[in-house]
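Only one structure is covered here, and it is reproduced in the block below.
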Amino acid sequence: MSDAARRHPKSPAAHDSATTLQTLLLETRIEERARDQAFRQVYETVLGSSTYLGDKPNFTRIGTNDLARMFDLYDRIFLGGEVRRALMAQNSKLEFALSRRLTRSGGQTKRTRPSRSQAFSPAQYEIAVSVPVLFATFGDVDRPIRACGRLCYDRLEALQRIMEHELLHLAEMLGWDRSNCSANRFRNLATNIFGHTESHHQMITPQERAMVQFGVKPGSRVSFDWEGKQLYGIVNSIRRRATVLVPSAQGTPYSDGRRYDKFYVPVECLKPV
Ligand SMILES: [Zn+2]
């Protein structure tokens, strides 16, 4: 028995569903033509049924129910609904989120266990998609986008690659208790089922957008308007906004021995100096 299995014992039904899912995942191989058709089917169904997307592949609004719909289509078309079935058998809830805090990866699958001490305590799962990465991709920075090794032509396709990757994380967690997209098993599943050749996306991160569009990166000297005053500082980091450190006698001491005040400024309001 693995350490994880000892810590989180499963009920017999949950154990069976995990084994079924393991076998299905390991045996599923989808050939390219069928896969392309299935990708198209997901694409068109999501686009045609969402009130937020407004029939625009480079949509500017999206809801968590769009993520849920896309997830279920993938589960049904590619895996016969076995991921949902395993979630039910394991008594686990799955939620979807649009995250403003994820700024480096396109998505994330999280597992939480509400009660660690209880035997058969069901895990809860969340698939989150990064709003900053999704909307910076096919935004104002123009370059070809590859995600999971596949070229994407619009934002909806980029979202599909994120969902495929995260769905596999969830399926691995349900089947084997743990998931690692740098490990061989994940890579093989991703290739056989979704035709992915890489685990990582090359979507546009807020960091890249800041550099390409505004010439700003961590370490850049910048100026910006703050309540009518022109302030000068150094970019410390770039997430949803840039963190700019402005020298100040009353500020917080930093490791370089100087004191700074910290400002959070939208990247478009910074001028490199
Ligand atoms: Zn991953």
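The values are calculated or read from the model by the stated rules, or taken from the named source; none is laboratory data. Predicted model only: the values in this text are computed from it and were never measured. All Cβ positions, even for glycine, are placed from backbone atoms using ideal geometry, and neighbour counts span all protein chains on display. For the accessible areas, the whole protein counts, side chains as well, though only heavy atoms, and no ligand, DNA or RNA atoms are used. Shrake-Rupley method; radii C 1.70, N 1.55, O 1.52, S 1.80 Å.
In straight-distance terms, cross-link reach from K10 covers every one of the aspartates and glutamates whose alpha-carbon lies under 16 Å from its own, apart from those fewer than eight places away in the same chain; here that gives E172, D177. Within the straight-line cut-off of under 16 Å between alpha carbons, the lysines reachable from K271 are K217, K229, sequence neighbours fewer than 8 places apart in one chain being disregarded. For the range 76-185, the Kirkwood estimate of the hydrodynamic radius, built from every pair of different alpha carbons, is 15.3 Å.
Solvent exposure of E198, expressed as accessible area, is near 70 Å², computed with a probe of 1.4 Å over the protein chains only. What residue among D256, D55, D140 has the largest mean-square fluctuation in a Gaussian network model of the chain, using Cα springs under 10 Å? Comparing D256, D55, D140 in the GNM, the peak value goes to D256.
Assuming R0 = 25 Å, can you tell me the calculated FRET efficiency for the pair K93 and L151, based on Cβ-Cβ distance, to the nearest 0.05? The pair K93/L151 has a calculated efficiency of 0.10.
Once the gyration tensor of the Cα atoms in the range 208-272 is diagonalised, the equivalent ellipsoid follows with semi-axes of 20, 13, 9 Å, ordered largest first. Of all the options Q207, Q160, Q250, the one that moves most in a Gaussian network model of the chain with Cα springs shorter than 10 angstrom is Q250. Of all beta bridges that DSSP places with both ends in the range 22-149, some 50 percent have antiparallel geometry.
For the range 24-92, the fraction of C-alpha pairs farther apart than 20 angstrom is 39 percent. Entry note, the range 195-240: relative contact order of 33 percent, from Cα contacts under 8 Å with a spacing of 6+ residues.
Here the relative contact order of the range 148-242, from alpha carbon pairs under 8 Å that lie six or more residues apart, stands at 21 percent. If the chain linking K229 and A183 were pulled fully straight, counting 0.36 nm for each residue of separation and taking away their Cα-Cα distance, it would gain 11.4 nm. Entry comment: accessible area of the range 3-204 is 49 Å² per residue, from protein heavy atoms only and a probe of 1.4 Å. When the alpha carbon gyration tensor of the chain is reduced to an equivalent ellipsoid, the three semi-axes, largest first, read 40, 24, 16 Å.
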